[in-house]
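Written below as structure tokens is the structure these notes are about.
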Amino acid sequence: MPVEAPHWLLSGDNAWQMTAATLVGLMSVPGLVVLYGGVMQKRWSINSMMLAFAAFAVVLVVWVLWAFKMGFGSPFHGLSHSGFFGNFVGVPGDVLGHKALQGQANIPLIGSMSFPQSSLVYFQFVFAGITPILMLGSVLGRVNFKAWIPFVALWATVVYTVDAFLIWGGGFFAHHGAVDYSGGYVIHLSAGVSGFIAAAVIGPRLQRDREIDAPNNVAMVALGAGLLWLGWNGFNGGDPYAANMSASAAIVNTNLCTAVAFLVWVGWDYLTGRKPSLLGGVNGMITGLVAITPAAGYVNGWGAIALGVIAATLVYFALNYLSRLRPFRNVDDTLGVVYTHGFAGLAGGLLTGVFADPNMFLGYATTKKGGVLNGTGAATGLIHGSATLLKWQFLAAAFVIVWSASATYGLLKLVGLFVPLRMPEKNMEIGDVAEHGHEVYPSDVPSLGYTGGTPELVPAGATPAASAI
């Protein structure tokens, strides 16, 4: 006999929240997994995919045990609601117990949700889970797998939860009216900054990997990029926490900005004498997705178009020209995460302070502070008569940059005391076979078990000496 649903649960909202979370999860697994596996050289394909899978798994365990409450619980030790740190005490019982999993979700400054706590926990996990995977793009091809696992656990605990609490969980910047619809700051800016710091600390790839940086499977790149684009419907569409008009508007804005950014990127390729490549187009697409993320429900369609044009132009020139200047030219950011996520997230967040339309996002109520937010949660940008939002967008971005950079540097140095951050040079020369024991496109002639991994001609039924136990 089915259990009757409580009065606060709206099945449509709950169904959409779980669907949106699954779409976001698919952006990581398999979206970024296959994108990374395809965009890297053949000998790094397995390693890239394994690192992404590991991050997803590590963050889930950390999230339910303590990180969720740090990001979305009460302020630490009863500090005021505008504090900087969430409370992690008693998390397993609060998140994993039967009452918590089935009880009503609640977010400080927003209020009670029309779906269970378990839906909120999982929805917020997939955001937490994708962030270090995005950061991973900066250090592919040399990060030590053994160091990556503890680093991700620490980073999710120390960096992500603080940024999330401050802007989403009712902390200082949320209380003062800074907005980040779906993670332009919390996810993309922090990932871009942290990835850049990690790339600088761990050091560059081998010279030959930097000189011959060719993808091993462009079709995998296209598949991963497509999963990102459509998965972003859940990324931005799930953040009104309801299956309502704001979710629909956010989805349209997301796709519109992305399409514009893609076309602008291609246009700049032609205008600068380049041929439009698939990899370049994917960068343009990602730039549009990232730029609209902090603004998706706060701007109208014209604002979404403006964000696509401005962000794609800024990131295009940063990636192709600013990258030649210090300090960027001295850091081997494998996939240019600092540009397509860091610069794009920063641009999107600041442009939200310019283009936010007070008639948009008629969603959950929130505090009114300094004229930034009205009673429905909508925000007012510069072109609609208020500079207050832009000020707080700038201050929130500055904090995320400083905190993410400094904390990431400290955590890397801490992990490096126990586990080398950099893969052994011998393994870097060989790649996947040395690290994981197999390769992405194995030959039909066995190559494992031989000295140096080199197959030899062996008579049928004979056992090669090199593989004898």
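Coordinate-derived values only; no laboratory data. Source: prediction; values computed, not measured. Counting neighbours? That spans all protein chains shown, and the Cβs are built from the backbone with ideal geometry, glycine included.
Protection proxy ranking, highest mean first, for peptides 257-267, 220-230, 283-293: 283-293, 257-267, 220-230, where packing is the per-residue count of other beta-carbon atoms within 10 Å, averaged.
Most tightly packed first, judged by the mean number of other beta-carbon atoms within 10 Å of their residues, the peptides 172-183, 17-28, 202-213 read 172-183, 17-28, 202-213. The alpha-carbon atoms of the range 116-172 define a convex hull whose volume equals 87 cubic angstrom per residue. Projected over all directions and averaged, the alpha-carbon convex hull of the range 11-416 occupies 17.8 nm². Using the average count of surrounding beta-carbon atoms within 10 Å as a protection proxy, the listed peptides 117-130, 388-401 rank, highest first, as 117-130, 388-401. Over the range 11-416, Cα pairs under 8 Å with separation of 6+ residues give a relative contact order of 21 percent.
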